[in-house]
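Beneath this line is the structure, given in structure tokens, with notes to follow.
Just so you know, all these numbers are worked out from the coordinates, no wet-lab data involved. This one's a predicted model, so the numbers in the text were calculated from it and none came from an experiment. Cβ atoms come from the backbone with ideal geometry, glycine included; neighbour counts cover every protein chain shown.
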Amino acid sequence: MARTKKPKGPSRLKQMWQVFQMTRRYDKSVVALILLAFLGPTAIGTGAGIALSNGNIFILVLWILIGVMTGVLVGMIVLGRRAERAAYSQIEGQPGAVGAVLKSALRRSWIGEETPVAINPKTKDAIYRAVGRGGVVLIAEGPIARTQRLVDDERRKTAKVLPNVPITVLTVGPDETSVKLYKLGWQMTKIKHALTKSEVRIVANRLSSLGTNVPIPKGIDPFKVRPSRAR
């Protein structure tokens, strides 16, 4: 029997174009930012080539190419950051949004799960937990006033099991002092280190014994969520 060929997925360029189209739909400034990211290094490379080539065409072209390649790289980085921000903006405020960040955007030095450790069945407010070099981080999803009791309960349970490990509380919600969803991963990296890499694993294993309060649905994948249709 002839082997059936697996259908090829979209090419890399097509994927990038799709990401760009999605991002532009939710972020009108992305085109200008990408152009600035590309033109800046290109202009610097061209200027450096003119100043340093001393009439040598090869050196001039080399500097221009360096500037162009650097501009392309910076432009791709800008597109990636803005695309991630646009994706998270689509699910911000929905139950499970924090779980999506913990699933897809945590750095390797952190251990976290998309499933909350505590939840209020009526309001859908939830508490998530992550462990890293900065200790234990409890992330409340919802308004500060409504999640305070859940936070206090989880902090007390965690401190009882790990009395010498620092506990940091972050809140993702509508309050002005809350952390924006797309900034959550970056905010966690700012926490001062208090544990070694081996201690992080030990702490995570010990916390796993606490379990969760109730069975709850899993989080949302921001890159699979369907965008809301414009009315």
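Of note:
- Restraint check, LYS122/LYS190; LYS103/LYS190; LYS103/LYS180; LYS28/LYS190, Cα-Cα greater than 21 Å: LYS122/LYS190; LYS28/LYS190
- Extension gain from ARG206 to THR123, taking 0.36 nm per residue of separation minus the Cα-Cα distance: 27.0 nm
- For the range 186-203 and the range 106-148, distance of Cα centres in Å: 16 Å
- Bridge type composition, the chain - antiparallel percent by DSSP, nearest 5: 65 percent
- Backbone amide hydrogens, once placed in the peptide plane, bring THR171 within less than 5 Å of ALA140, VAL179, excluding anything fewer than 5 places away on its chain.
- Virtual paramagnetic centre 7 Å along Cα→Cβ of ARG146, amide N under 12 Å, in the range 90-111: 93-96
- Charge dipole (debye, nearest 20) of the chain; +1 at Cβ of Lys and Arg, -1 at Cβ of Asp and Glu: 800 debye
- Value of [θ]222 nm, deg cm²/dmol, for the chain, DSSP H segments ≥ 4, -39500 (n - 2.57) each, nearest 500: -17000 deg cm²/dmol
- Label zone at ALA194, where the point sits 7 Å out along the Cα-to-Cβ direction: the range 124-147 residues whose backbone N lies under 12 Å: 132-138
- Under 5 Å, built H, 5+ apart or other chain: amide partners of ARG129: GLU113, VAL117, ILE139
- Computed over the chain: relative contact order in percent, which uses C-alpha pairs under 8 Å that are six or more apart: 18 percent
- Relative to the current alpha-carbon distance between MET76 and ASN56, full extension at 0.36 nm per residue lengthens the span by 4.1 nm.
- The charge dipole of the range 12-91, taken about its Cα centre with unit charges on the Cβ atoms of Lys, Arg (+1), Asp and Glu (-1) only, comes to about 360 debye.
- 3J(HN,Hα) along the range 22-34, derived from phi through the Karplus expression 6.51 cos²θ - 1.76 cosθ + 1.60 where θ = phi - 60°, amounts to 5, 5, 5, 5, 10, 9, 5, 8, 5, 5, 5, 5, 5 Hz, with x in place of Gly and Pro.
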